[in-house]
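The values are calculated or read from the model by the stated rules, or taken from the named source; none is laboratory data. Since the structure is predicted, the reported quantities are computational estimates derived from the model, not experimental observations. Because the Cβ atoms are built from the backbone with ideal geometry, glycine has one as well, and the counts that use them run over all protein chains shown. Accessible surface is based on the protein model in full, side chains and every heavy atom, while ligands, DNA and RNA are left aside. Shrake-Rupley method; radii C 1.70, N 1.55, O 1.52, S 1.80 Å.
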Protein chains: 2
Amino acid sequence: MKFNAVLDSIKSYEAGKPIELVVREYGIDPRDVIKLASNENPYGASPRVIQKIADLAPTASIYPDDSFFELKEGLAGQYGVASENIIIGAGSDQILEFAVHAVLNENESVLMNSITFAMYEIYAKATGAKIVKTSSVHHDLDEFYELYKKEKPKLIFICTPNNPTGEAIKNADLTAFLDKIDPETLVVVDGAYMEYAALKDPACHVEPKALIQTYSNVLYTGTFSKAYGLGGMRVGYGIGMPEIITTLHKLRPPFNITTLTLAAAIEALKDNAFVRGCIERNFEEMARYETFAQKIGLEYIPSYTNFITLVLKEHDSKKVAQQLLEQGVIIRDISSYGINAIRITIGKKEQNTIVLRKLEEILGS
Amino acid sequence: MKFNAVLDSIKSYEAGKPIELVVREYGIDPRDVIKLASNENPYGASPRVIQKIADLAPTASIYPDDSFFELKEGLAGQYGVASENIIIGAGSDQILEFAVHAVLNENESVLMNSITFAMYEIYAKATGAKIVKTSSVHHDLDEFYELYKKEKPKLIFICTPNNPTGEAIKNADLTAFLDKIDPETLVVVDGAYMEYAALKDPACHVEPKALIQTYSNVLYTGTFSKAYGLGGMRVGYGIGMPEIITTLHKLRPPFNITTLTLAAAIEALKDNAFVRGCIERNFEEMARYETFAQKIGLEYIPSYTNFITLVLKEHDSKKVAQQLLEQGVIIRDISSYGINAIRITIGKKEQNTIVLRKLEEILGS
């Protein structure tokens with residue numbers, strides 16, 4: 001059967017390996033597997049959220065309130081915007097997908113960083129749009145602007161903090177860049193890890209309210225998957241002016257998050273103390289990886305997220321990841337992004353102790 | 001901002017009103033609201049499934065096994081096919097969306113019944129494809145074939161049993177139709193309510209294994225939202241030959257169902273006795289609506305599903321739905337499908353008793 005030609009170029013997203021796979025393939029007891037590959041919150045979800053999910057398990061048969069009224073109200077309160085500025089997605093991934101389908105087609109182009117969240121490209125390819133990437137590892141907004149002038153992209157992705165590198169853009173640099181972009185170009189500012197950056201360095205804290213009030217062409221995306229500890233529940237959101245949000249809603253399938261997800265996200269917003277505690281512990285533990293890297297003379301990218309990227313020299317990232325995997329430690333080889341590096345989610349104290357010991361055995365020799 | 005022109009024609013799906021809305025708008029106690037508008041399973045999910053969800057609530061932070069290994073194995077066993085014949089979606093809706101994007105574009109057309117599941121058209125419109133509909137209320141496969149010869153659609157949707165009418169096609173009629181369709185045309189057979197039809201009339205039981213082995217161009221879709229009582233968990237599946245399934249996987253976003261959804265669906269497949277019991281009770285209760293309709297001289301469409309469609313004469317379906325809504329009973333006015341009718345999900349015995357009494361008050365006079 002002949003399928004749409006644009007599909008020929010799509011390579012599926014390579015997800016972090018699940019614990020079940022390590023158990024199946026290497027016969028390791030699931031309790032001994034340490035998964036630090038997908039930037040999940042190692043402290044889990046808030047106990048309040050877990051209790052809410054357990055209590056509401058009997059509602060599994062009922063579709064959610066498809067207006068997501070209460071969740072939008074909660075987010076509106078949190079960000080100081082209106083409900084009509086908000087769209088809910090199955091992870092912020094889905095909002096990215098809506099944005100791509102709202103503006104891209106085979107006659108348009110999209111601009112993104114050389115190394116960034118892989119789904120931008122995968123979604124864009126499904127529309128046949130031209131993919132334009134910078135050459136720099138980190139977001140170089142001057143290079144972005146040069147390519148913008150040359151290629152006139154209909155869509156620009158800015159990921160701050162960036163995944164899988166961990167770097168963040170200063171808010172002032174971002175707005176200086178946005179000042180130069182015409183309002184017909186949609187700019188997606190992906191803040192999946194923004195809660196971490198905001199705590200580490202207020203200068204990197206991009207606030208959607210200020211952003212969308214000044215730039216009607218900006219769509220900010222956020223997620224419950226990282227700092228809020230709801231990766232498995234699949235819920236994120238987009239914040240923008242109603243013109244954009246209304247259009248994206250046309251692409252939203254009904255009931256795009258689960259009933260329990262909706263309840264979990266509403267509850268999660270009520271426990272910001274939990275989120276703050278997770279982020280504080282994250283950076284305490286990250287310091288141990290930084291100290292380790294310095295000790296063995298390894299380069300790392302200063303991170304504003306819940307993961308750290310170690311750039312390897314003598315060792316091959318693919319082999320290192322495989323060696324760890326066989327010992328029950330799942331991290332991410334990011335060589336497919338064109339960099340000989342491994343990305344490690346910052347785990348809990350006891351997990352990091354084990355991983356750092358294994359890393360020293362493999363890399364320290 | 002200028003968005004893709006195809007979006008102009010999209011009208012969003014009109015979901016069944018949630019209980020929360022009735023509580024907000026009419027001040028009715030949520031315990032007094034009867035929602036029979038979205039064909040959820042009124043008996044809920046299997047107690048085993050509910051327990052599993054509650055037990056696994058602490059895993060909300062962990063992404064699911066994105067290969068959905070165990071669920072595919074379970075479905076493969078249930079249907080006698082291989083895992084490579086299966087793709088998992090966030091409801092079977094999402095599989096429909098993948099199918100649309102795999103083959104449709106602005107140069108192609110899609111053929112569907114005049115009255116059928118609204119998402120076929122909504123998804124198709126996003127691609128700019130031409131929408132071709134039959135004129136008959138029920139699936140008239142002769143008319144389908146005439147339109148097929150004339151329009152050469154790239155995609156055909158067959159919904160059996162059909163939503164929102166409830167009618168089912170005989171398996172022999174379906175295969176006689178498929179025999180005449182060229183293998184380059186993708187035919188989606190949407191069996192969201194097939195478990196109900198299979199029990200009511202084995203002649204209407206379409207089995208995906210036989211179907212895909214004979215017709216390499218058929219994609220069968222099924223769901224856990226109806227007979228399995230997992231509407232709120234958002235999980236369905238597509239079954240087809242590997243050529244189709246592999247292509248659809250290119251359009252599948254990672255982690256497209258939640259971690260708890262995955263566990264719930266795996267568990268649900270282990271409790272077929274629960275599913276059978278729900279279906280048996282469904283038809284016992286449906287008989288009460290049929291008796292009622294006959295008594296007051298109202299036309300109804302014989303249903304192979306968990307809902308019944310009453311075709312109104314003197315009364316206006318929109319007004320009847322509104323009257324019921326104000327009394328805390330949510331059913332579906334389907335006048336937007338071009339038919340003066342209401343669709344009622346068959347509820348539990350005590351719910352049906354109340355609804356039938358209110359219907360008699362409104363329609364029986």
Chain A to chain B by rotation: the residue of A with the beta carbon nearest the axis and the rounded distance in Å are A:Ala54, 2
So, in nm and shortest first, the distances from A:Ser9 to its counterparts in the other copies, with label points 7 Å along Cα→Cβ, work out as 2.5
Ranking A:Thr165, B:Leu248, B:Ile53 by how far each Cα lies towards the positive end of the charge dipole of the protein assembly as shown (+1 on Lys and Arg Cβ, -1 on Asp and Glu Cβ), the top one is B:Ile53
Under the Karplus relation with 6.51, -1.76 and 1.60 and θ = phi - 60°, whole-Hz ³J(HN,Hα) for the stretch A:175-189, x at Gly and Pro, equal 5, 4, 5, 4, 4, 9, 9, 5, x, 8, 9, 6, 10, 9, 9
Sorting B:His101, B:Val22, B:Ile115 by the position of each Cα along the dipole of chain B (Lys, Arg +1; Asp, Glu -1; all at Cβ), the one nearest the positive end of that ordering is B:Val22
Log entry: pair-distance distribution for the protein assembly as shown, C-alpha pairs binned every 10 Å from zero, whole % per bin is 3, 14, 24, 26, 19, 10, 3, 1, 0
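Over the stretch B:47-271, with every protein chain in place, what whole percent of the accessible area is carbon and sulfur at 1.4 Å, could you tell me?
Numbers: 3480 of 6870 Å².
Solvent-exposed carbon and sulfur of the stretch B:47-271 make up 51 percent of the total.
Take peptide A:38-45, look around each residue's Cβ out to 10 angstrom, count Cβ atoms belonging to other protein chains, and average those counts.
The shielding value for this peptide is 4.
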Spelling it out for B:Lys130: with amide H atoms placed in the peptide plane at 1.01 Å from N, the residues 5 or more places away or on another chain with amide H under 5 Å from its amide H are B:Glu108, B:Ser109, B:Val110
Per-residue average of other protein chain Cβ atoms inside 10 Å, peptide A:179-187 -> 1
With one decimal in nm and the nearest listed first, the spacings from A:Thr353 to its own position in the other copies, using label points 7 Å along Cα-to-Cβ, are 6.2
To the nearest 20 debye, chain B has a Cα-centred charge dipole, built from +1 on Lys and Arg Cβ and -1 on Asp and Glu Cβ, of 420 debye
Rounded to the nearest 0.05, FRET efficiency between A:His249 and A:Gln78 (Cβ-Cβ, R0 22 Å) equals 0.60
Protection proxy (average C-beta count within 10 Å per residue), highest first, orders A:61-72, B:105-116, A:129-140 as A:61-72, B:105-116, A:129-140
Against the 2.2 N^0.38 Å rule of thumb, the C-alpha Rg of the stretch A:47-271 sits at a ratio of 1.00
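Set the Förster distance to 60 Å, then compute FRET efficiency between B:Lys313 and A:Lys209 from the Cβ-Cβ distance, nearest 0.05.
Details: r = 54 Å, r/R0 = 0.90.
Working from the Cβ atoms, E equals 0.65.
Partner chain Cβ atoms within 10 Å, averaged over the residues of A:99-107 - can you pull that number for me?
Numbers: counts 0, 0, 7, 5, 5, 1, 5, 1, 0.
Mean number of neighbouring Cβ atoms from other chains: 3.
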Note to self, the protein assembly as shown gives a 222 nm [θ] from helices alone (DSSP H runs n ≥ 4, -39500 (n - 2.57) apiece, / all residues, nearest 500) of -12500 deg cm²/dmol
Distance in Å, no decimals, from the C-alpha centre of the stretch A:290-365 to the one of the stretch A:150-229 is 27 Å
Distances in nm between the label point of B:Ala287 (7 Å along Cα→Cβ) and its equivalents in the other copies, shortest first, are 7.4
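Given a Förster distance of 30 Å, report the FRET efficiency between B:Asp29 and A:Arg276 from their Cβ-Cβ distance, rounded to the nearest 0.05.
Numbers: r = 37 Å, r/R0 = 1.24.
Taking R0 as 30 Å, the efficiency between B:Asp29 and A:Arg276 is 0.20.
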